[in-house]
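Undergrad: Okay, here's the structure, questions in a sec.
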Amino acid sequence: MIHLSQSTLRNGGRFQATTRCSDCTIAGIGWVNGVRGYTFTATVTNGNSDRFAITINKPNGSLYYRAAATRLDGGEVFVVPLP
């Protein structure tokens, strides 16, 4: 679940993740404020400065929200490929 000021994105249980070295991209379909069909792509980078970016599109494909890659102020991001 991701909170965006006054909106909430919930993953609909369908997503895919790809990893490449220290980067991970997660994409899927979810709901925003109870409306189904929004798609999202989030990218996390694990490195000297961990970063997070996300794009959310409306069900019709137009842009709903975008946050460019931003350095995390706290915590850590770990990208761990599963066997």
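Undergrad: Within a 10 angstrom radius of the beta carbon, how do I29, I54 rank from fewest other beta carbons to most? Before the final figure, lay out each step's value.
TA: Values: I29 15, I54 19.
So the ranking, lowest neighbour count to highest, is I29, I54.
Undergrad: Rounded to whole Hz and in sequence order, give me ³J(HN,Hα) for segment 41-46 from the Karplus expression 6.51 cos²θ - 1.76 cosθ + 1.60, θ = phi - 60°, writing x for Gly and Pro.
TA: Coupling constants for segment 41-46: 9, 10, 10, 10, 10, 9 Hz.
Undergrad: Another one. At what distance in nm do the modelled label points of R71 and N57 sit from each other, each positioned 7 Å from its Cα along Cα→Cβ?
TA: For R71 paired with N57, the spin-label model returns 3.1 nm.
Values quoted throughout were computed directly from the atomic coordinates according to the rules given, and no laboratory measurement underlies them. The model shown is predicted, which means the values in this text are computed figures rather than measured ones. All Cβ positions, glycine included, derive from the backbone under ideal geometry; neighbour counts span all protein chains shown.
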